[in-house]
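Just so you know, all these numbers are worked out from the coordinates, no wet-lab data involved. No experiment lies behind these values; they were computed from the predicted model shown. Neighbour counts run over all protein chains shown; Cβ positions are idealised from the backbone, glycine included.
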Amino acid sequence: MSKEPVRYGVVGLGRAGWDIHVAALRGRADAKIVAIADPLEARRNEAATEFGCKTYTDITSLLKQEDIEVVTIATPSVLHGPDTKQALRAGKHVVVEKPMAMSLAEADSMIKAAKAARKKLFVHQNYRFFPECTHLKEVVDSGIIGKVFHIRCYITGFNRRNDWQTLSKNGGGVLNNTCPHFIDQILLYAGAPVKEVMGDLRQIASPGDVEDHVKAFIRFENGCTADMEISSVENIAMPMPKWVFCGSTGTLTSDGQKSTIRWYDPKQVKPLKVVDGPVLARKYGNEDKLPWHEKEVDAKGPDRGTFYGNVADVLRNKGAMFITPESVREVIRTIGMIRKGTKFSGKAKK
């Protein structure tokens, strides 16, 4: 195993670039920030002071630095595709912030560019490493609640934003910038490609010309369905569960911190036969009593390491890529289907 740290150039030092990517790289023995690019001088100086790295105003200048191995793209969403392909053409591996791309065609062009350059393309769908995600996947795979036939994801709050993510020209909107994490997880849990989608996008409280409320009903090829509501305009008094998994022999309900699992063992019950005739005692139902079990557990699953730990493992030790760009392609395809299934015009309210 190589102990040589991976050398990174970070493009964009805004919220994602500084607070997420630089924060994740800071202090890692297997990572070294050797360059950054940002149009703001104060941000460049801040990075230079902390990391002693070289600084640039734009990605083009940064890519000329030969010792950079990986370029982390944390620019506005609409630039993810162009910046990624430019870095790949320059012979660099790439970490690109979500959303991976603005369209399925763009995602495919990025995957093609990575193959042509013989470089790795890592997409920052880092929630797959979170204990909550590995926990939910572990429960689904265990079969304790039977075959999962429906998934519900509910993420809400009330926040009138007015930053660059409220503008379509920057690739803004809740669907592009919040939903990818949760669509990615739903795809993981459902375990099948998306078959059809009904979507509804609304612009309620924020300015700009993009949605601040997303509702989608998704059907998968294996018959499983998902109900996803991601909204920044719902301030409800009694929060709904973040996750609900409905299975053939039980249900999991989770707020992301604790999960309640209710289930029964089908081996402990007798099969029911249909009675085609007068209802016994003129009542619905029967004397069937299921041996229900219930437990509350921490929403913490197996430790999968970290996103940047996996980048180092892939590049230094020929490890397996935990999140492939091909898997994230399905996220972009689903986003396109949700957008196509709505009448939202994308025009600012007057």
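Summary of values
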read-out: Gained length - M321 relative to F217, 0.36 nm times residue gap less alpha-carbon distance; value: 34.4 nm
read-out: Model label zone, S109; criterion: amide N under 15 Å from point 7 Å along Cα-to-beta-carbon; scope region 59-85; value: 78-85
read-out: Under 24 Å from the Cα of K289 - lysines, other chains or at least 8 residues apart; value: K147, K267, K270, K273
read-out: Calculated [θ] (222 nm, deg cm²/dmol) that DSSP helices of n ≥ 4 give over the chain, each run adding -39,500 (n - 2.57); value: -8000 deg cm²/dmol
read-out: Burial ranking of peptide ranges 231-242, 165-176 (average Cβ count within 10 Å, highest at the top); value: 165-176, 231-242
read-out: Net charge contributed by nearby residues that have their C-beta within less than 13 Å of S103 (K/R +1, D/E -1); value: +2
read-out: Dipole magnitude (debye, nearest 20) for the chain, charges at Cβ of Lys, Arg, Asp, Glu; value: 580
read-out: Cα gyration tensor, region 108-228 - rounded (a/c under 1.5), prolate or oblate; value: oblate
read-out: Sites D265 and T306 - FRET efficiency at Förster radius 45 Å, r taken between beta-carbons, to 0.05; value: 0.80
read-out: Cα gyration tensor category, rounded, prolate or oblate, for region 6-124 with a/c compared to 1.5; value: prolate
read-out: Residues V6, V96, sorted so that the one with the fewest Cβ neighbours within 10 Å comes first; value: V6, V96
read-out: Among 201-209, 286-294, the order from most to least packed when residues are scored by Cβ within 10 Å on average; value: 201-209, 286-294
read-out: Selected from L63, L280, L272 as most flexible by GNM, with the chain as the system and alpha-carbon contacts under 10 Å; value: L280
read-out: Sequence-distant residues sharing a close amide H with V95 (under 5 Å, placed H); value: V71, T72, I73, F122
read-out: Label corresponding to P(r) over Cα pairs in 10 Å bins from 0, in percent when calculated from the structure given, among [x] 6, 25, 31, 23, 12, 3, 0, 0; [y] 6, 28, 38, 24, 5, 0; [z] 5, 22, 28, 24, 13, 5, 2, 1, 0; value: [z]
read-out: Cα-centre dipole for region 6-124 with unit charges at Cβ (Lys and Arg positive, Asp and Glu negative), debye to 20; value: 420
read-out: Furthest towards positive pole of dipole, I236, A117, Y154, structure part the chain, Cβ charges; value: A117
read-out: Shape category assigned to region 1-76 from the gyration tensor of Cα positions, a/c cut at 1.5; value: prolate
read-out: Efficiency of FRET from Cβ geometry, R282 and H150, R₀ 56 Å, rounded to 0.05; value: 0.95
read-out: FRET E, pair M240, E66, Förster distance 51 Å, beta-carbon r, rounded to 0.05; value: 0.50
read-out: Likely footprinting exposure, H213, H124, fewest C-beta neighbours within 10 Å first; value: H213, H124
read-out: Net dipole in debye of region 274-350 [+1 Lys, Arg Cβ; -1 Asp, Glu Cβ; about Cα centre; nearest 20]; value: 920
